[in-house]
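To keep things clear, I will list the structure first and then write my remarks on it.
What follows is calculated from the coordinates using simple rules that are stated; it is not laboratory data. Please read these numbers as outputs of a predicted model, since none were measured by experiment. FYI the Cβ positions are ideal-geometry reconstructions off the backbone, even for glycines, and counts take in every protein chain you see.
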Amino acid sequence: MLSDETVAVIGAGNIGRALIGGMIGSDLIAPEHVIATRRTASALDAMADEFPGLRTTTDNIEAVQDASIILLTIKPQSRAEVITNLRDHVERDVLVISVLAGITSERLQLDFGQDQPVIRAMPNTPALVDAGATALSAGTYATEAHVDKAQSIFAAVGDAVVVSEEYMDAVTGLSGSGPAYVYMFIEALTDAGVKQGLSRADAADLAAQTVYGAAKLAIDTGKHPALLRDEVTTPGGTAIAAVSALEEHGLRTMLINAVGTATQRSKELNEE
Ligand SMILES: NC(=O)c1ccc[n+]([C@@H]2O[C@H](COP(=O)([O-])OP(=O)(O)OC[C@H]3O[C@@H](n4cnc5c(N)ncnc54)[C@H](OP(=O)(O)O)[C@@H]3O)[C@@H](O)[C@H]2O)c1
């Protein structure tokens, strides 16, 4: 899909490195056709050792000279400085794919020039282990072929779905930020086991594997989570006693409100 492309990954930190690993590891593109940038030269050297053939530079302008696709994986706070320096060096037919939380396609089009093909993507950190969940939306000038190319990049590190831009803040609140909520859940479950006398190591293993296994069962069977929950809750048993306690403390409302708060924060980021 990307054999004719050259991809510049601007800001190859956690997410950028994961995407480079996914693209190269799945043979989507040859390492010689990927250029990674960041300011720390030693980190780029380490990446070049990890992915033989990968091109690296601390100079963003040099990186985009050859590129047909630019993957922007810097932090939103660096957007203004990085794009201001780059915009005059980016041809108008170059596809820009941004993972910057909260930054709309419209804003990116304005940053680069009105007719720039732009795709906004929201991956999450499980992309680091090829189990990411990414949603993508196309800007005004992105074609179907652009969307397919972008989707292939994120599909190399997990699941990738295309949604309309209006849902991207909700995606940021759900799957983009979601791993943080799940880690809190695992941590709390671990503490709960320790409170009941289990060693911390055993409790941590059991808690993480329970979350992983339950998610895998839901995905593999495609069954509604309520059905799967029913299968665990024996009448008069232990699980239904705990489910009742969770309902009493408003677990669902808490999560619905948490995702709502993160969605709102994503909207605010575009205004800053
Ligand atoms: N982490 C998540 O869960 C997550 C989920 C979805 C989307 N995102 C989005 O992904 C983006 C990156 O997040 P991340 O967690 O991967 O952050 P990160 O690890 O900090 O990566 C950003 C990289 O940008 C580099 N950088 C900073 N200024 C630069 C410049 N002027 N030129 C070139 N490179 C520069 C930094 O390296 P140097 O300091 O060496 O320059 C850093 O390695 C963010 O926009 C975030 O909104 C993150």
### Query
Once the dipole of the chain is set up with Lys and Arg at +1 and Asp and Glu at -1 on Cβ about the Cα centre, which of Ala208, Thr56, Val157 lies farthest towards its positive end?
Ala208
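What's the long-distance tail for segment 73-165, i.e. % of Cα pairs beyond 15 Å?
Everything past 15 Å amounts to 57 percent.
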### Task
Would you be so kind as to identify all helices of the chain, as entire DSSP H runs, whose Cα atoms reach 15 Å or more along the helix's own axis and whose mean Kyte-Doolittle hydropathy is at least -0.5?
14-25, 144-155, 178-195, 200-221, 238-248, 251-271
## Note on the structure
Taking only the alpha carbons of segment 178-271, the radius of gyration and the largest Cα-Cα distance, Dmax, both in angstrom, are 15.7, 52
### Message
Run through segment 1-91 and list the trypsin sites (Lys or Arg not before Pro) located in a DSSP loop whose Cβ has at most 12 other Cβ atoms within 10 Å.
### Response
Arg39
### Task
Could you tell me what % of all Cα pairs in segment 204-259 have separations over 12 Å?
73 percent
### Task
Consider a paramagnetic label point 7 Å from the Cα of Thr253 along Cα→Cβ; state which residues of segment 170-196 have an amide N under 16 Å from it.
none
### Query
Under a point spin-label approximation (7 Å from Cα along Cα-to-Cβ), what is the Asp202-Thr261 distance to one decimal in nm?
3.5 nm
### Message
If you take every DSSP beta bridge fully contained in the chain, what fraction is antiparallel? Give it as a percent rounded to 5.
### Response
15 percent
### Message
Is there a quick way to get the dipole size of the chain? I mean about its Cα centre, with the Cβ of Lys and Arg at +1 and of Asp and Glu at -1; what is the value in debye to the nearest 20?
### Response
680 debye
## Note on the structure
Taking every DSSP bridge whose two residues both lie in segment 7-168, the antiparallel percent to the nearest 5 is 15 percent
### Task
Would you mind getting me the FRET efficiency between Asp59 and Val162? Use the beta-carbon distance for r and R0 = 25 Å, nearest 0.05.
0.15
### Query
So what is the 222 nm mean residue ellipticity for the chain from helices alone, if each DSSP H run of at least 4 adds -39500 (n - 2.57) and you divide by all residues, rounding to the nearest 500 deg cm²/dmol?
-16000 deg cm²/dmol
### Summary
Taking placed amide H atoms and a strict 5 Å upper bound, the residues 5 or more places from Val99 or on another chain that come that close are Leu72, Ala121
### Message
For a distance above 35 Å, tell me the whole-number percent of Cα pairs in the chain that qualify.
### Response
26 percent
### Task
Apply 1/(1 + (r/R0)^6) to the Cβ-Cβ distance of Val182 and Asp27, taking R0 = 22 Å, and write down the FRET efficiency to the nearest 0.05.
0.10
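Can you give the relative contact order of segment 7-168 as a percent, counting alpha carbon pairs under 8 Å and 6+ residues apart?
21 percent
Work out, step by step, the length gained on full extension between Ala239 and Asp220: first 0.36 nm times the residue separation, then minus their alpha carbon distance; give nm to one decimal. Could the numbers behind the result be given before it?
Values: separation 19, 0.36 × 19 = 6.84 nm, distance 2.22 nm.
Answer, rounded to one decimal: 4.6 nm.
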### Query
Over segment 119-272, what is the percentage of antiparallel beta bridges among all DSSP beta bridges, to the nearest 5?
45 percent
#### Entry: Hits among lysines - C-alpha to C-alpha of Lys75 under 23 Å, sequence gap 8 or more where chains match
Lys149, Lys267
### Task
Treat each spin label as a single point 7 Å out from the Cα along the C-beta direction, and report the Asn270 to Thr140 distance in nm.
1.4 nm
### Message
Testing the spin-label approximation: label points 7 Å from Cα along Cα→Cβ at Arg87 and Gln114. State their distance in nm.
### Response
1.4 nm
#### Entry: Positive-pole candidate from Ala192, Ala133, Val171, dipole of segment 130-202, charges at beta carbon
Ala192
